[in-house]
1. Order of 205-215, 180-190, 249-259 by packing, highest average Cβ count within 10 Å first?
2. What does the C-alpha gyration tensor say about the overall shape of the range 378-482? Classify as rounded when a/c is under 1.5, otherwise prolate if a/b is larger than b/c, or oblate.
3. What is the angle, in °, between the Cα long axis of helix 377-388 and the longest principal axis of the Cα atoms in the chain? Nearest 10 is fine, range 0 to 90.
4. Where nothing but the Cβ of Lys and Arg (+1) and of Asp and Glu (-1) is charged, how large is the charge dipole of the chain around its Cα centre, in debye to the nearest 20?
5. What shape does the range 74-193 have by the C-alpha gyration tensor, where a ≥ b ≥ c are the square roots of the eigenvalues, rounded means a/c under 1.5, and otherwise prolate means a/b greater than b/c and oblate the rest?
6. At 1.4 Å probe size, put Glu297, Glu14 in order of accessible surface, largest to smallest.
7. Ignoring everything except DSSP H segments at least 4 long, calculate the 222 nm mean residue ellipticity for the chain; use -39,500 (n - 2.57) per segment, divide by total residues, nearest 500.
8. Please say if the range 384-444 is rounded, prolate or oblate, where rounded means a/c under 1.5 for a ≥ b ≥ c the square roots of the C-alpha gyration tensor eigenvalues, and otherwise the choice is prolate for a/b larger than b/c and oblate otherwise?
Amino acid sequence: MCILTYHSSTVEPERRQWGSWNFVAFWIADSFNINTWMISSSMIIGGLSWWQSWICVWIGYFIAACFICLTGRIGATYHIGFPVVSRSSFGIWGSLWPVFNRAGMACIWYGVQAWIGGTCVYLMIRAIWSKFDTLPNSMPASSGTNTRDWVSFFIFWLCSLPAIWFPVHKIRHLFTVKAYVVPTAGIAFFIWAIVKAHGIGPIVHQSNSIHGSALAWAMVKGIMSSIANFATLIVNDPDFARFARKPRDALWSQLFTIPCGFAFTSFVGIIVSSSSTIIYKEPIWSPLDLLSRFLDEGGSGTRAGVFFIAFAFSLAQLGTNIAANSVSAGTDMTALLPRYLNIRRGGYVCAAVGLAMCPWNLLSSSNNFTLYLSSYSVFLSSIAGVLISDYYFVRRGYLQIKDLYSARRKAPYYYTMGVNWRAYTAYICGILINVVGFAGAIGRKVPLGAQYIYNLNFFCGFIIASGTYYLLSRFFPVPATSDHWHEVGDEITELSLAYDDREDRSFDEESLGKKYDDDVRVSSKAVE
């Protein structure tokens, strides 16, 4: 008998403390970050008008919110995280690759986001000590950075470590504080820029510079870039939704807060950048660059204003790094090495990798690096397609949670040597539809048709992967399914992982779901 231990995965009732307003605060806090602030810039630079780019943001993030709710419901209903959810579709051992995939991306993004947070710290220190800008450099040119920037980065990295210590169900308080502080600073920055420019600037008056099919494809790409920005969170939303008191708490709060929060932040970024065109005769899309220009000019109250806004942005980066990267990596690493790691230790491993990877080198060595990270949604969309197809269309909401922790060969999620070949076939098919266009996105010359397909990369990967998995599961049925919609998460009250050695695990036709009826229920002592 083999039982997979994973102590922090299934959430017992005492730790289900996230209500609807906690999810609202979480996403409001997450929406106010530097990446979101600049989300419309590439669209406007690409030829769209401000209102066209803003429509793309609304549509893109609403679609992303729908996907978030789909994956989040699994976690909110059964109170399990992404690593355990993936076992039902990819298999007990087959799930390790998607989990490793997500953990690796989280570590890389942690370093990148921490480097951006270091720029916020640089502005804070410079606002107090102006000579910090001319700090002597003691680092060689081959290092890829300088003493000033590295010190700022390290301070942000160091100050982030205490936040990793707190359990996930308690870290919600950080997002509540961030939900008040960061939007306040964003609105203050918004008003400051308009007053300084004596108007909202010319960007809001300029029309689109492209027309016809070029305009249509530019809007499609804008929508897809918004979805791609959420690809990692779509996959691992169960890591947070599992702390919901009830599934409804993770539904409407996420469905409406995500598009509203991210659209508002993008609008503020558009107006501030438009105002900067009047002030400096050029649009400045990065809020940190604009704050730096404010410091260069000086003036009454400038230092205090810059310090407060930079502090708020650093808090925004901290919250985003914890939510999207640290917790995700910690949860995934716990599934990979449960004997040695828990979520807290995994979070610190993620932070260590983020420091050791020297993110300044990665960002400076290739102009396509951040594009490559965003384009990685091609691979994550296939994972999301398999997960959603498995839960909603193949199993119809029914999971045998106890068996998700069992590596017994007769267990329903063991499949073939612990791997579900149907899921991997669908996963590969979802990647193949986009792989040529992906090569074009990172600089290779590819056919025009492949580029058009890649413009719809997340949808193409998701639809192909989910459709392929559903068809394969119809022709080659998987065990432990239901003939009708049947979620049994609410019936799991007392949790235990242990099997009785005398328990018959033969899995007859009824347990396989072939003759499923209303008398089949999950035991109240199913799982921890």
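1. Working: 205-215: 12.5, 180-190: 18.2, 249-259: 21.4.
My ranking of the peptides, most packed first, is 249-259, 180-190, 205-215.
2. Numbers: a/c = 3.03, a/b = 2.45, b/c = 1.24.
Cα axes put the range 378-482 in the prolate bin.
3. That works out to roughly 30 degrees.
4. On the way: 39 positive and 31 negative charges, 152 e Å.
Its charge dipole is roughly 720 debye.
5. Values: a/c = 3.09, a/b = 1.63, b/c = 1.90.
Oblate shape, in that a/c is at least 1.5 and b/c is the bigger or equal ratio.
6. On the way: Glu297 100, Glu14 130 Å².
Highest to lowest solvent-accessible surface, that is Glu14, Glu297.
7. Working: 22 runs with 322 residues, N = 528.
Taken over the chain, the calculation gives -20000 deg cm²/dmol.
8. Working: a/c = 3.57, a/b = 2.21, b/c = 1.62.
It comes out prolate by the Cα gyration axes.
The values are calculated or read from the model by the stated rules, or taken from the named source; none is laboratory data. Because the structure is a prediction, the values reported are computed rather than measured. Cβ atoms come from the backbone with ideal geometry, glycine included; neighbour counts cover every protein chain shown. All accessible areas refer to the heavy atoms of the entire protein, side chains included, with ligands and DNA or RNA removed. Shrake-Rupley method; radii C 1.70, N 1.55, O 1.52, S 1.80 Å.
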